[in-house]
Amino acid sequence: MVSLDKALIALDKSGSFRVYLAVTTTIAETAREIHKTTPVATAALGRVLTAGALMGIMMKQPSDKVTLQFKGDGPAREILVTAYGTGDVKGYVSDPDVDLPLKDGKLAVGDAIGIGQLTCIRDIGLKEPYLGRIDLVSGEIADDLTAYFFISDQKESSVLLGETIAETGTVQSAAGMIIQMMPDPKEGAVDALEALLRDAPSIAKLAEEARSDVLSARGAVLTEQSLAEETLGEMLKRFFAPLPAEFEPELLEYRDVRWNCDCSRERIEEVLLSLGRAELAKLAEEDHGAELMCQFCRSRYTFTQDELLALIKGERKPKC
Ligand SMILES: [Zn+2]
């Protein structure tokens, strides 16, 4: 399904909580296409990408960067996602072929990740990036992030992440939401949200239903952009409908979120140079060249022997 991924930020009328909501179907599907993931790996990577995109738009500056690493003893081994304040996100899973039987009819994401740790690195341009780490709660991603916000950020938040995967293995729908309590919430807000979240619908199903209802009502007159925005608006309305009116969320802004890998030949050259000149000389002499692959988007960069020698001499190939 080709669609435009979008997010929205909302604040409830009483100023008690903020909502970050995103539909990330294209991001998750792009990752699946690039990494050729099995359904359980698609779900695991898709959830971390969605969380990354949401945490990206929570940051203040476009250049702010957040890295999420889920590392466990399960067969998926590691999932790494990097997101920016711009809404750009990229990621990979160590073993995209991990295949596990369904557990209670659901994709066994927790078993794929296993027991391990979640590390979150936020780089907001200060001297040192901020690093937080917790033990994984379930490896199901959303629970782990909810725990992370509470333990490491001392912020009461709820994270919902989900996907529906078609029988062919493609991503039919992916979405996520982070609800973050503001300091000094109005009395009753926490209880009302807790009650709401106890019976919360699947966020990916909600996205699918909202999109298809918006499409059938007004699809003919909508651009991709307004379809994506109205879908989010509809999701927000439906999800929070059971709350008392004083906690009704109101839209602050829409944001773009997208898959984007920012690797380039220049960056890969930096990686090569960071190996040191001796190591580069070895590559040039013994291997007569080098091929490097970007782990995030699997683009391959090849360097001939002459190009490596030029790098060692400090010459860069002129851009043409
Ligand atoms: Zn790349």
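Of the residues making up region 137-168, those that are out of contact with any strand residue (DSSP E or B) (no Cβ under 7 Å at 6 or more places or on another chain) and more than 26 Å from ASP73 (Cβ to Cβ) are GLN154, GLU167, THR168.
Does SER63 satisfy the condition of being assigned by TED's automatic domain parsing to the domain that holds GLY116, among the small types (Gly, Ala, Ser) and either touching a helix residue (DSSP H, G or I) at 6+ places or on another chain (Cβ under 6 Å) or surrounded by 22 or more Cβ atoms within 10 Å (Cβ to Cβ) (or both)? Please lay out each step first, then the result.
Values: assigned by TED's automatic domain parsing to the domain that holds GLY116: yes; among the small types (Gly, Ala, Ser): yes; either touching a helix residue (DSSP H, G or I) at 6+ places or on another chain (Cβ under 6 Å) or surrounded by 22 or more Cβ atoms within 10 Å (Cβ to Cβ) (or both): no.
So SER63 fails the test.
So which residues in region 83-97 are surrounded by fewer than 22 Cβ atoms within 10 Å (Cβ to Cβ) and in contact with a Ser or Thr (Cβ under 7 Å, 6 or more places away or on another chain)? If the condition is that a residue be surrounded by fewer than 22 Cβ atoms within 10 Å (Cβ to Cβ) and in contact with a Ser or Thr (Cβ under 7 Å, 6 or more places away or on another chain), then GLY85, PRO96, ASP97 are the ones that fit. Within region 72-97, residues that are farther than 19 Å from ARG255 by Cβ and outside the structural domain of ARG298 (by TED's automatic domain parsing) have Cβ atoms under 9 Å from residues that are in a loop (DSSP other than H, G, I, E, B) and within 15 Å of the ligand (Cβ to nearest atom) in these pairs: LEU80/GLN295; LEU80/PHE296; TYR92/GLN295; TYR92/PHE296; TYR92/CYS297; TYR92/ARG298, counting only partners at least 6 apart in sequence or on another chain.
One residue stands out in region 288-300 among those that are more than 9 Å from the ligand (Cβ to nearest atom) and assigned to a strand (DSSP E or B): the one that is farthest from VAL89 (Cα to Cα), namely GLY289.
Restricting attention to region 230-271, report how many residues are of a type in the set (Gly, Ala, Ser) and within 12 Å of the ligand (Cβ to nearest atom). Final tally of qualifying residues: 1.
In the condition set (1) in a strand (DSSP E or B); (2) of a type outside the set (Phe, Trp, Tyr); (3) within 27 Å of HIS35 (Cα to Cα), CYS263 is compliant with all but (1). Where strands (runs of 3 or more DSSP E) sit wholly within region 1-87, those with at least 2 residues that are over 27 Å from LEU197 (Cβ atoms) occupy 65-72, 78-84. Among all positions in region 161-180, there is no residue which is without any contact (Cβ under 8 Å) to a residue 40 or more places away in the chain, within 26 Å of LEU8 (Cβ to Cβ) and either among the polar types (S, T, N, Q) or in contact with a Ser or Thr (Cβ under 9 Å, 6 or more places away or on another chain) (or both).
Mind checking which residues of region 105-114 are farther than 7 Å from GLY74 by Cα and in contact (Cβ under 8 Å) with a residue 24 or more places away in the chain?
Just the residues of region 105-114 that are farther than 7 Å from GLY74 by Cα, to begin with: 105-110.
If the condition is that a residue be farther than 7 Å from GLY74 by Cα and in contact (Cβ under 8 Å) with a residue 24 or more places away in the chain, then LEU107, ALA108, VAL109, GLY110 are the ones that fit.
The values are calculated or read from the model by the stated rules, or taken from the named source; none is laboratory data. Since the structure is predicted, the reported quantities are computational estimates derived from the model, not experimental observations. Cβ sites come from the backbone with ideal geometry, for glycine too, and all protein chains shown count toward neighbours.
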